Amino acid sequence: MFYVYCLYSSKYNKIYIGFTSDLDKRLYFHNNTTNNTYTSKFRPWIIIYSEELTDKKSAMIREKQLKSARGRIFLKSFIPE
């Protein structure tokens, strides 16, 4: 199984979209202080949306859809107030 997910940083009002085969491990990676990646600059992250897909190709296609303008509008409806 693969997951497409959307993270949100309320501190910086940022959204991050990605896919993975292990959602819990990936969230830990994004929030871990030892990682020096793009997402490390905007900690802490919470998952605001996720979808389970059966294969990697489907997850990659769905990730691309969610990164589109229409997809980002859809995801913004999940941002906590």
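Please treat every number below as a calculation from the coordinates, not as lab data. Everything numeric in this text was worked out from a predicted model, so none of it was measured. Note that each Cβ is placed from the backbone with ideal geometry, even for glycine, and that neighbours are counted across all protein chains shown.
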Work out from phi, with θ = phi - 60° and the Karplus expression 6.51 cos²θ - 1.76 cosθ + 1.60, the ³J(HN,Hα) of each residue of region 67-73, listed in order in whole Hz, and give x for Gly and Pro. 7, 6, 4, 5, x, 5, 4
Want the number for residue 40 to residue 52: 0.36 nm per residue separation, take away the alpha-carbon distance, what's left? 1.9 nm
Label residue 33 and residue 16 with points 7 Å out from Cα along Cα→Cβ: what is the distance between them in nm? 1.7
Can you give the calculated 222 nm mean residue ellipticity of the chain, where each DSSP H run of n ≥ 4 adds -39,500 (n - 2.57) and the sum is split over every residue, rounded to the nearest 500 deg cm²/dmol? -10000 deg cm²/dmol
Please list, or write none, the lysines whose alpha carbon is within less than 24 Å of the alpha carbon of residue 41, excluding same-chain residues fewer than 8 places away. 11, 14, 25, 64, 67, 76
So what's the net charge close to residue 42: Lys and Arg +1, Asp and Glu -1, counting the other residues with Cβ under 9 Å from its Cβ? +4
